[in-house]
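In what follows, a single structure is set out as structure tokens and then discussed.
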Amino acid sequence: MSLSPLARQVIRDLTQLLESHPRAALESLRIASPVLIEALQRLGNDALDRAQVEMQLLAWLAKYPQSEQAREELLAIVRAPEEEA
């Protein structure tokens, strides 16, 4: 999973604002921070889930060996970032 386009845009805008108008950026960050925090928490939770799934898949593959192609395709599914909405 990746950050939503909205969260990425807010981060870009705040970064630009910080460079040119630091006080305005701080006020904007105060307002936008709940949305960014939620997006980052979801990203962190999904990353943990993905890592746990990969560990379980590797354990399963060790117990039930597959062809190299099948192994790589299964791992690619787990490792691939989700498509953005």
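Only the coordinates and a few stated rules stand behind these numbers; no lab work does. Remember, it's a predicted structure, so these values are computed and weren't measured experimentally. Reconstructed Cβ throughout: ideal geometry from the backbone, glycine too, with neighbour counts over all protein chains shown.
Sequence gap at least 6, Cα distance under 8 Å: using those rules, report the relative contact order of the chain to the nearest whole percent.
Working: 39 pairs, mean separation 38.6, N = 85.
Relative contact order for the chain comes out at 45 percent.
How far, in degrees from 0 to 90, does helix 68-79 lean away from the longest principal axis of the Cα atoms of the chain, to the nearest 10?
Rounded to the nearest ten degrees, it is 30.
Please give the charge dipole size of the chain, origin at the Cα centre, charges +1 on K and R Cβ atoms and -1 on D and E Cβ atoms. Round to the nearest 20 debye.
On the way: 9 positive and 13 negative charges, 51 e Å.
So the magnitude is around 240 debye.
Among A24, Y64, A39, which residue has its Cα furthest toward the positive end of the charge dipole of the chain, with +1 on Lys/Arg Cβ and -1 on Asp/Glu Cβ?
My answer, from the dipole projection, is A24.
Considering the alpha-carbon set of the chain alone, what are its Rg and its Dmax in angstrom?
18.8, 58
Using θ = phi - 60° and the Karplus relation 6.51 cos²θ - 1.76 cosθ + 1.60, list the HN-Hα couplings for segment 17-23 in order, rounded to whole Hz, with x at every Gly or Pro.
The phi angles translate into 5, 4, 5, 9, 9, x, 5 Hz.
Output ³J(HN,Hα) for segment 39-44: one whole-Hz value per residue in order, computed from phi by the Karplus curve 6.51 cos²θ - 1.76 cosθ + 1.60 with θ = phi - 60°, and x for Gly and Pro.
5, 5, 5, 4, 4, x
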